[in-house]
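I have placed the structure first, in the form of structure tokens, so that the comments after it can refer back to it.
The values are calculated or read from the model by the stated rules, or taken from the named source; none is laboratory data. Worth saying up front: this structure is predicted, and the values here are computed from it rather than measured. Don't worry about glycine lacking a Cβ; one is built from the backbone with ideal geometry, like all the others, and counts go over all protein chains shown. Heads up: the accessible areas ignore ligands, DNA and RNA and are worked out on the full protein's heavy atoms, side chains in. Shrake-Rupley method; radii C 1.70, N 1.55, O 1.52, S 1.80 Å.
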Amino acid sequence: MTGRIAELMRALGARIVNNWVWRLGVAIRFLWLTLRESGPSFRRFHLTIREIYFAGVLSLVVIMVSGLFVGMVLGLQGYDTLVRFGSSEVLGTLVALTLVRELGPVVAGLLFASRAGSAITAEIGLMKATEQLAAMEMMAVDPIARVVAPRFWAGVISMPVLAALFSAMGVFGGYLVGVRLIGVDEGSFWSQMQASVDFREDIVNGFIKSLVFGIAVTWIAVYEGYDAPPTAEGVSGATTRTVVTSSLAILALDVVLTALMFRGQ
Amino acid sequence: MATSNLVEVEDVTFSYDERQVLKNINLVVPKGRVVAIMGLSGCGKTTLLRLIGGALRPNHGEVRVAGRAINRLSDDELFALRRKMGMLFQFGALFTDMSSFDNVAFQMREHTNLPESLIRDLALMKLQAVGLRGAADLMPSELSGGMARRVALARSIALDPMLMMYDEPFTGLDPISLGVIGQLIRRLNDSLGATSIVVTHDVAEALELVDYVYYMSTGKVEFHGTPDQIRAAGLPSLRQFVYGEPDGPVPFHYPAPEYRQDLLAQ
Ligand SMILES: Nc1ncnc2c1ncn2[C@@H]1O[C@H](COP(=O)(O)OP(=O)(O)OP(=O)(O)O)[C@@H](O)[C@H]1O
Ligand SMILES: [Mg+2]
């Protein structure tokens, strides 16, 4: 009996070490290489711009539409709750703070992971499976510098912008529902918002969150693509892992960042 | 060994994980020559090219290109050496996000500071050489298999390398392109003073084209000599290969348990 338990523990330990600790180490080394080889993605910025188009610009529609919907829901739910306490004039504050501090970075991050992260993984994985990366190396061009780094930086740059747009659209959605539809006073909606949203405390912290999520998602995406087994199943598995791992990473990081940033004044 | 050899493979052994693929291979490619590596599917030809290109490291033995041991170079030195090598991949490996033209221009843009107008002329010349200048603007997904291979060939010669490695340049080509590409390989080699290694199954074409042949089977060099020596040699396995006979000393099947047993086993 104890023999069996020990056996199970050993198997579990081996799994954890092989699947998580080992891969994390490799991924950190990969991130280091990417940062080291990032020169060309800034010196030849058109490489990065192209990827910003694919990762960022093509995600605009889904991010903005989602932002609008989320903002509208916040308007409805927020009004419903606030009106019970007779304080519906702080609806603007509620919508704005929820979006800027929390939902903007998190939901935009989750959407970004499934829209752009999965595409990055699939593209790099397929390039590897069809020997394009090997061919590039034979041409004395480092794929990390030419393929990985521009995609990494494009993601890191795009994500905060997308999160900001998400929040802006959300505020607009809250305004449409709260002010236009339900009839909350327009003046207090905006003035309350202006008075209580703090630049350093709320906007900058929200920006930091979205930046951290952008780094996490794109890092996971490029690593999974580069590490994918060079087959069809390998690439599809890697794409799934990108979405799952980066969603979990976003939510876990959000707990940590929120605990560090907002402890109540 | 004399320095007149561009590539020297000395006693190289290589295995992927457990399985040994190459056993004590010895091979030299003299400067300026076109050398063929022939052998059955799966005998390790592509692996050998990868070792010469420095993409793999031998478990034992040494690969020298231009007198320098590939497995002892630093990454930077290896990249510097690779700028002078061109490799045609067995499956083309064209960059699927770029047009034919951009594929051919890729290395010129990466490694030179030539103005775009000059790059355009050079890339079009390379495409013209493989007969595909008209396909310059097509994406790889719009090319047929044989066309893709020719674009890949144009890309691999983009910077006029001193060492060319062609992995199966003839598969999937119609007889006309096949003849043209064969001549092109010869002409490029002679006019640029380059050295070429051609991996191929196309015995007839190869014997016309090359100066020297290495014939491999199951990870070993079985025979080597000039095309005339190959034709004259009575080696049964070679005969079988040259004339494409199914039965002979070389088994057609990858090692496996006995067929009957395998089918009957539950
Ligand atoms: N990445 C790899 N991992 C494990 N084994 C491999 C790998 N690549 C090739 N092999 C094995 O090594 C052996 C030699 O493969 P290689 O690709 O060099 O053959 P080849 O001579 O080029 O064959 P072909 O003429 O069909 O292209 C094969 O038995 C193959 O199964
Ligand atoms: Mg091969």
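To keep it simple, each residue is scored yes or no on (1) open to solvent by 50 Å² or more (accessible area, probe 1.4 Å); (2) at pLDDT below 90; (3) more than 13 Å from ligand 1 (Cβ to nearest atom).
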position: B:Arg19; (1), (2), (3): yes, yes, no
position: B:Val29; (1), (2), (3): no, no, yes
position: B:Val34; (1), (2), (3): no, no, yes
position: B:Leu49; (1), (2), (3): no, no, no
position: B:Leu78; (1), (2), (3): no, no, yes
position: B:Arg82; (1), (2), (3): no, no, yes
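Could you please let me know if A:Thr34 is out of contact with any Pro (no Cβ under 6 Å at 6 or more places or on another chain) and free of Cβ contacts under 8 Å to residues at least 12 places away in the same chain? Give the steps one after another, and end with the answer.
Numbers: out of contact with any Pro (no Cβ under 6 Å at 6 or more places or on another chain): yes; free of Cβ contacts under 8 Å to residues at least 12 places away in the same chain: no.
It is false that A:Thr34 is out of contact with any Pro (no Cβ under 6 Å at 6 or more places or on another chain) and free of Cβ contacts under 8 Å to residues at least 12 places away in the same chain.
Filter the stretch A:42-101 down to residues that are β-branched (Val, Ile, Thr) and open to solvent by 60 Å² or more (accessible area, probe 1.4 Å) and give me whichever is farthest from A:Phe112 (Cα to Cα). Step through it out loud before you land on a result.
Step one: list which residues in the stretch A:42-101 are β-branched (Val, Ile, Thr), which gives A:48-49, A:52, A:57, A:61-63, A:65, A:70, A:73, A:81, A:83, A:90, A:93, A:95, A:98, A:100.
Next cut, open to solvent by 60 Å² or more (accessible area, probe 1.4 Å) only: A:49, A:57, A:61, A:65, A:73, A:81, A:83.
Working: A:Ile49: 17, A:Val57: 11, A:Val61: 11, A:Val65: 13, A:Val73: 20, A:Thr81: 30, A:Val83: 34 Å.
Only one residue tops the list, namely A:Val83.
Please work out which residue is farthest from ligand 2 (Cβ to nearest atom), limiting yourself to the stretch B:39-72 and to residues that are within 25 Å of B:Gly193 (Cβ to Cβ), of a type outside the set (Lys, Arg) and in a strand (DSSP E or B). The extreme case among them is B:Ala69.
Can B:Ala93 be described as out of contact with any strand residue (DSSP E or B) (no Cβ under 6 Å at 6 or more places or on another chain), under 17 Å from A:Ala134 (Cα atoms) and within 16 Å of ligand 2 (Cβ to nearest atom)? Spelling it out, B:Ala93 is indeed out of contact with any strand residue (DSSP E or B) (no Cβ under 6 Å at 6 or more places or on another chain), under 17 Å from A:Ala134 (Cα atoms) and within 16 Å of ligand 2 (Cβ to nearest atom). Just to be sure before I move on: is B:Pro115 open to solvent by 10 Å² or more (accessible area, probe 1.4 Å), away from ligand 2 (no atom under 16 Å from the Cβ) and away from chain A (no Cβ under 14 Å) in the structure I sent? In short, yes.
So which of A:Phe207, A:Phe172, A:Phe166, A:Phe199 is among the aromatic types (Phe, Trp, Tyr) and surrounded by 22 or more Cβ atoms within 10 Å (Cβ to Cβ)?
Values: A:Phe207 fails: surrounded by 22 or more Cβ atoms within 10 Å (Cβ to Cβ); A:Phe172 fails: surrounded by 22 or more Cβ atoms within 10 Å (Cβ to Cβ); A:Phe199 fails: surrounded by 22 or more Cβ atoms within 10 Å (Cβ to Cβ).
Going through A:Phe207, A:Phe172, A:Phe166, A:Phe199 in turn, just one is among the aromatic types (Phe, Trp, Tyr) and surrounded by 22 or more Cβ atoms within 10 Å (Cβ to Cβ): A:Phe166.
Let me confirm something: among B:Met98, B:Met108, which residue is over 19 Å from the mean Cα position of the chain (by Cα) and either more than 14 Å from chain A (Cβ to nearest Cβ) or in a helix (DSSP H, G or I) (or both)?
Values: B:Met98 fails: either more than 14 Å from chain A (Cβ to nearest Cβ) or in a helix (DSSP H, G or I) (or both).
Only one candidate passes the filter, namely B:Met108.
With respect to B:Arg187, is the statement that it is outside any loop (DSSP other than H, G, I, E, B), open to solvent by less than 60 Å² (accessible area, probe 1.4 Å) and among the charged types (D, E, K, R) true? So B:Arg187 fails the test. If you go through the stretch B:80-90 and keep only what is within 19 Å of the chain's Cα centre (by Cα) and either more than 13 Å from ligand 2 (Cβ to nearest atom) or assigned to a loop (DSSP other than H, G, I, E, B) (or both), you end up with B:Leu81, B:Arg82, B:Arg83, B:Lys84, B:Met85, B:Gly86, B:Phe89, B:Gln90. Taking the conditions (1) open to solvent by less than 60 Å² (accessible area, probe 1.4 Å); (2) out of contact with any Leu (no Cβ under 8 Å at 6 or more places or on another chain); (3) part of a helix (DSSP H, G or I) in turn, B:Ala152 satisfies each one other than (2). I'd like the full set of residues that are of a type in the set (Gly, Ala, Ser) and near ligand 1 (Cβ under 7 Å from one of its atoms), limited to the stretch B:36-47. The answer is B:Gly39, B:Ser41, B:Gly42, B:Gly44. Scanning the stretch B:160-198 for residues that are within 16 Å of ligand 2 (Cβ to nearest atom) and in contact with a Pro (Cβ under 8 Å, 6 or more places away or on another chain) yields a count of 1. Regarding A:Gly13, is this residue in a helix (DSSP H, G or I), surrounded by fewer than 10 Cβ atoms within 10 Å (Cβ to Cβ) and either touching a residue at least 60 places away in the same chain (Cβ under 8 Å) or small (Gly, Ala, Ser) (or both)? No.
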